[in-house]
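Single-structure report; data block below.
The values are calculated or read from the model by the stated rules, or taken from the named source; none is laboratory data. Computed from a predicted model, the values in this text were never measured in an experiment. Here the Cβ positions follow ideal geometry from the backbone for every residue, glycine too, while neighbour counts run over all protein chains shown.
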C-alpha cells in the first residue's frame, strides 16, 4: 500500500507548499494570463505557469519512490518530459507557433514509439482485430500521442478542468497498474495524481494560478504514455479484478472528455476551413457556461460524466468488446449533444418572446 500513499503524498505536499511562493514570484515578475473578450472566461489577470509546480512535484516524487531496479523506459521518458516542459514554458512566457509545438510533439512521439517502444501493437479483439502491422501500430501510436497531448492543452479553459480530469485519469491508471503489479507506472501515476491534487487547491474556481501550457503538455504527455502502456499490458497473470476489462475501451473511457471535445472541435474547425489549432469558444465546457452554469458546476458535471463513462467501461466487461464500444461511444455522442440542444431551445424561446 505504500506504493500508493508515498508518491501521492510526496508530490501533494511539494505542490501544496511551493505554489503560494510561486504565485508571489509570478505576480512580481508579471507572469500573467491576461483576460480577453473573444474566448477566455476569466475577467482578471491570473498568475501563469503553475505547471512548473506540477512538473517539479511529479518528477521529484517519481524518482524518489521509483524502485531502484526499475529503469527501462525511464531513459526515454524523462528526456521527453523535459522537451514538453521547456516547450510549454516557452509558450507561456513568449508564445510558440502551433507548428513549432506540433514539431515538438512529433519529436516526443518518435522518441517514445521508435526508441522506447511504447506503442500500440494490438486492439485486443476490438472489432475482431488483434495484432496490427508494425507500420500501422507506429502511425496509430504517433497519432495517439499528438491527440492526447493536444487534448489536455485544449480543455484547459475552465478553472480546475484539466487538473481535475487529469486527476481522475491518473488515479484510475494508478490503481490499474497497482493491481497489475507494475510499480514503475503505478508510482508515476500516483506522483502525478498527488501533484494535480495539490495544484487543484489553488486552481479550482476562483483560480489563484493557471497551469499554462507548461502543465497541460506535461499532463497530456504522461497520460498518453499511461494509456498506451495500459492497452499494451500483457493479460497473462493479471488479477481477476481487472483481467476481463477491455483495455482499449477502458483507456478511451478514462480519456473520454478530452478526446470527444478535441475531435468535435477539430471537426468543426475543419468544416469551417480554419486551422485546427485556431482558438475559439466551441468547446463543450464553453457551451455549458453559455447555458448559465458556473465554472464550478461545469467542471463537476464533466467530472461526473467522465466517471460515468469509466463505470460503463468497467461494467461492460461482461459483454463483447465491440458491442460495448459501440454502445458506449453512441451514449457519449448523445450525451454531449444535450448542452447544444438546450442552447437551441433557449435561443428559440428568446426569439419567440
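Just to be sure before I move on: is residue 331 touching a helix residue (DSSP H, G or I) at 6+ places or on another chain (Cβ under 8 Å) and either in contact (Cβ under 8 Å) with a residue 40 or more places away in the chain or surrounded by 15 or more Cβ atoms within 10 Å (Cβ to Cβ) (or both) in the structure I sent? Here the answer is no, as residue 331 does not meet what is asked.
Take region 246-291 and flag every residue that is in a loop (DSSP other than H, G, I, E, B) and buried (at least 19 other Cβ atoms within 10 Å of the Cβ). Steps first, please.
Filtering region 246-291 for residues in a loop (DSSP other than H, G, I, E, B) gives 246, 255, 273-283, 291.
Answer for region 246-291, where residues must be in a loop (DSSP other than H, G, I, E, B) and buried (at least 19 other Cβ atoms within 10 Å of the Cβ): 246, 255, 283.
Given the criteria more than 27 Å from residue 296 (Cβ to Cβ) and without any contact (Cβ under 8 Å) to a residue 12 or more places away in the chain, does residue 184 qualify?
Details: more than 27 Å from residue 296 (Cβ to Cβ): yes; without any contact (Cβ under 8 Å) to a residue 12 or more places away in the chain: no.
Answer is no for this residue.
Which residue out of 30, 44, 39 is closer than 18 Å to residue 89 by Cβ, at pLDDT below 90, over 20 Å from the mean Cα position of the chain (by Cα) and assigned to a loop (DSSP other than H, G, I, E, B)? Give the derivation first.
Working: 44 fails: closer than 18 Å to residue 89 by Cβ; 39 fails: closer than 18 Å to residue 89 by Cβ.
Exactly one of 30, 44, 39 is closer than 18 Å to residue 89 by Cβ, at pLDDT below 90, over 20 Å from the mean Cα position of the chain (by Cα) and assigned to a loop (DSSP other than H, G, I, E, B), namely 30.
Does residue 315 fit the bill of being without any contact (Cβ under 8 Å) to a residue 24 or more places away in the chain and in a helix (DSSP H, G or I)?
Values: without any contact (Cβ under 8 Å) to a residue 24 or more places away in the chain: yes; in a helix (DSSP H, G or I): yes.
So residue 315 fits the description; yes.
Collect the residues in region 112-130 that are farther than 13 Å from residue 228 by Cβ, touching a helix residue (DSSP H, G or I) at 6+ places or on another chain (Cβ under 9 Å) and surrounded by fewer than 18 Cβ atoms within 10 Å (Cβ to Cβ), keeping them in residue-number order. Lay out the reasoning, then the answer.
So the first thing to find is which residues in region 112-130 are farther than 13 Å from residue 228 by Cβ, and the list is 114-115, 125-130.
Imposing the further condition that a residue be touching a helix residue (DSSP H, G or I) at 6+ places or on another chain (Cβ under 9 Å) reduces the set to 114-115, 125-128.
Once the filter is applied, which keeps residues that are farther than 13 Å from residue 228 by Cβ, touching a helix residue (DSSP H, G or I) at 6+ places or on another chain (Cβ under 9 Å) and surrounded by fewer than 18 Cβ atoms within 10 Å (Cβ to Cβ), region 112-130 yields 114, 115, 125, 127, 128.
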